[in-house]
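Chemist: Following this message is one structure expressed as structure tokens.
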Amino acid sequence: MSLRQNQVLPAAARKERFMTTSAIAASEVKPHRRPQEVAANSLGLLLLAAVGVWLIYELIAHPQQFASLLVIGVGNGALYALIALGYTMVYGIIELINFSHGDLFMLATVLSGIVAASWFSVDSFTFAAVGAVALALLIAIVVAATVNVAAERVAYRRLRRAPKLAPLITAVGLSFMYQWVGQRNFMSGSAPKQWSTMFGNGSFSIGSVRVPYTTLVVLAVTIPLLLVMVYLVQRTRAGKAMRAVAQDQDAARLMGIDVDRTIAFVFAVGGGLAGAAGLLYLQSVGTSNYNLGFRLGLIAFTAAVLGGIGNLQGAVLGGFLIGVLLSLNDGFLLGPHWSMTVVFTVLITLMVFKPEGILGTATTEKV
Amino acid sequence: MSTTTPTAPVVRPPAPKTSFLARFGWPLGFFAAGVLVFVFNQWILPETSTEFQNGFGSWLPMTAVNEALIWAIFALGLNIVVGYSGLLDLGYVAFWGIGGYVAGWLMAPFANQVHPSWANLSFSVWGNPLPGQERGIHINFWLVLIIAALVCAVAGVIIGAPTLRLKSDYLALVTLGFGEILPEVFRNGERVGPNGEWNITNGTKGIIGMDQIPTGPFQYIPGVPETIGTFDLNLKFIVFGLMLALAMFVSLRIREGRLGRAWLAIREDELAASMMGVPLMRIKLSAYAVGAAFGGIGGVLYATHIGGVLADRFNFSVSIILLAMVVLGGMGNVWGVTVGALLLAWINSTGLGQLGNVWNDVTGAEVNFASHNFLVFGAILVLFMLFRREGLIPEARTRQVLQEPERGEIESLGADMEGTAEDTAAEGGKK
């Protein structure tokens, strides 16, 4: 199902499993849990319970508002999931946090705006507009994928065997360079830019809950894409190659897999998903800013970690969870001014209590 | 035939070089450079023609020099975390902010606005408030430096604590998280607490009216005022230069000691270090604490430099610019980092704009160079990581670490026939 479920364990765990196949009995013995671990676990569960109680309280107190926030959250969550997939796939295969991924998404956002709004002046839901947006989607996907592959070819590939710090700093530098591109006047400029979109603020109502059209569009594009991704990784030859490379690059190479091409393919797919997310974001929000990718990239990264990094379903689940959590925060808790605080509190709390995420596999230190 | 094995002669490592120049060269050089800059700006520059003064002022204004000194202090602090200990910290701006707000609370009239019931608070410990701003809390600048360093050290431990169990790349993200949460707190801290009664940061309006820097016993020297005013840039230069010298001294000395060697050990191989008995948790936390303390000092200096604390200054790009300074100069090398920081800080504040003006004058183009700073800093990070990972002024030991593949990678190199891998394998063999 995922890059590293069952067959493909993270580096350390798989080494351990490999070495202890004959001594399974020994590994079955549960290690003695230290009191502070137990305390940390129960504290984590307590926090989770508190969040649950808060959710139920809000649901009972303001059911209607809760439902509309849920709709908004699911729409945003789908976008986060698309971006998170790029993070999680790249991390799954070469254990790199591709810091520039969010900014790639920003570039795609602006580019799709240029194609749809500037070239074809899309501002209403007509047949021609749908065609133009589809073209914009295609261009955004292709360009984002190309840029991501180029970054891999030029930078990350040379650093694959370097200390971990090197590719990470490179990714940060690339993120700055992408922001520079986004800052140019032909792109987004240094101030937030408004674009006309296909639906504007159009919406319909189910009962008394307002559902924006864009949410439907986002879900209509996202869900098939996610299913395609799962199919790709799980059922195709390319997916098999990806899983093999994630497990052990050298062994994969000995089996005749072109490791470089497989990794480049993963970057292409991740970039393409970011491109799709860029178009959908622009069509649903209608503004772009050169530093937008930083914020959304971090939200998406948190989503990937929440679900268990390296795990496709985890990224999707995490994306929706974070989306809903953020929109509930906007409505009920602290308000949009504090959204990054909420996201990072989630991230840090996770790091402390459950670094492997919801669906991830626990890893031990590599020796 | 005797059965006794010949005893190997005891090989003593060569005694470290302790020539006069090696021991006292750098402080003397630093001192000389500082005196030169001060004398030139204080006495020689006012005597020159107005034209020269204007030209000089636009290329190397004293504010930019002072600011560069502060950046260098931050870069040295970050160097302890990133360069010495190998822990990537992407949220160093948090400490800058904390230091700044410590100054804002303890050295400005702002404390009156924190809570309605504090409106008449007036408290002073050898404080030097600006005229007419005597209310609020005013603590002596030099005491505030110490307090800010301590507060930041504690904050560093708090930020570091949740990251200790994590692998390096997660650690970067968690520090980044704190580096984002704290500025958000600074921006939104105007109405917090029950009923929004507490104003802990004054929001985006920021805190203004910083106290002056007292000169203490030096005021008896003729020509030295009792307090250094906001616009007395040359005297401020001395203060900032002294603090930079302190930061460099601490960085250099601590590296030779037990703690510094432990940092280098965990940077190079965490596992081996812990096997040798290095207490990982404590050593990592102390790296955060010491690095953060530098940040606290720098934060206070910066608050006095611009005469206030502005929440908008604390954003992510500051952390990255600092990282670029550390990378450019040479991770782990105090000299490299200082030079890199001074250079990049100057480029960021004046150099890029001035070079742009020259370029535009010569070619008749209309390029706004200052808007390209994202490209400059991004490219520095990427190009240095690709082609010169050890920085401009590398340290032999750092170069070795950064050129060498990780443990486990070495084992699998035999299976790998890429050009880069062969190069690294050859280098590994030479060692």
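Chemist: Taking the Cα atoms only, what angle lies between the long axis of helix B:316-329 and the longest principal axis of chain B, rounded to 10 degrees?
Modeler: 50 degrees
Chemist: Please label the shape of the stretch A:49-117 as rounded, prolate or oblate, based on the square roots a ≥ b ≥ c of the eigenvalues of the alpha-carbon gyration tensor (a/c under 1.5 means rounded; beyond that, a/b larger than b/c means prolate, else oblate).
Modeler: oblate
Chemist: As a check on your grasp of the helix formula, calculate [θ] at 222 nm for chain B: sum -39500 (n - 2.57) over DSSP H runs of n ≥ 4, divide by the residue count, round to the nearest 500.
Modeler: Mean residue ellipticity at 222 nm (helix-derived): -18500 deg cm²/dmol.
Chemist: Karplus couplings for the stretch A:87-92 from phi (6.51 cos²θ - 1.76 cosθ + 1.60, θ = phi - 60°), rounded to Hz, Gly and Pro as x?
Modeler: Rounded to whole hertz, the list is 4, 6, 5, 5, 5, x.
Chemist: Can you tell me how chain A classifies by the Cα gyration tensor, rounded, prolate or oblate, using a/c under 1.5 as the rounded cut?
Modeler: oblate
Chemist: What 222 nm value per residue comes from the helices of chain A, counting each DSSP H run with n ≥ 4 as -39,500 (n - 2.57) and dividing by all residues, nearest 500 deg cm²/dmol?
Modeler: The helix-only estimate for chain A comes to -23000 deg cm²/dmol at 222 nm.
Chemist: Exposure proxy check: A:L70, B:L246, B:L322 ranked by fewest other beta carbons within 10 Å?
Modeler: B:L246, A:L70, B:L322
Chemist: Which of B:E226, B:E268 comes first, and how do the rest follow, when ranked by fewest Cβ neighbours within 10 Å?
Modeler: Starting with the residue having the fewest Cβ neighbours, the order is B:E226, B:E268.
Chemist: Quick one: order B:E256, B:E270, A:E95 by neighbouring beta-carbon count within 10 Å, fewest to most.
Modeler: Fewest-to-most Cβ neighbours within 10 Å comes out as B:E256, A:E95, B:E270.
Chemist: To continue, here is another question. So how tilted is helix B:233-256 from the main axis of chain B? Cα-based, degrees 0 to 90, rounded to 10.
Modeler: 20 degrees
Chemist: Pairs to check: A:K164/B:K205; B:K205/B:K236; A:K193/B:K205. Give those whose C-alpha atoms are more than 29 Å from each other in this structure.
Modeler: A:K164/B:K205
Chemist: Taking every residue in B:382-389, how many Cβ atoms of other protein chains lie within 10 Å of its Cβ, on average?
Modeler: 6
Chemist: Would you mind putting A:103-113, A:343-353, B:178-188 in packing order, based on average other-beta-carbon counts within 10 Å, highest first?
Modeler: A:103-113, B:178-188, A:343-353
Chemist: Please work out whether the stretch A:134-254 counts as rounded, prolate or oblate from its C-alpha gyration tensor, where a ≥ b ≥ c are the square roots of the eigenvalues and a/c under 1.5 means rounded, while otherwise a/b larger than b/c means prolate and anything else oblate?
Modeler: Note, shape of the stretch A:134-254 comes out oblate.
Chemist: If I fit a long axis through the Cα atoms of helix B:352-363 and take the longest principal axis of the Cα atoms of chain B, what angle between them do I get, 0 to 90°, rounded to 10?
Modeler: With rounding to tens, the tilt is 90 degrees.
Chemist: What is the average number of partner chain Cβ atoms found within 10 Å of a Cβ in B:172-182?
Modeler: So the per-residue partner count for this stretch is 6.
Here, each number is a calculation from the coordinates, and none is a lab measurement. All values derive from a computational prediction rather than experimental measurement. As a convention, Cβ positions derive from the backbone with ideal geometry for all residues, glycine included, and neighbour counts pool all protein chains shown.
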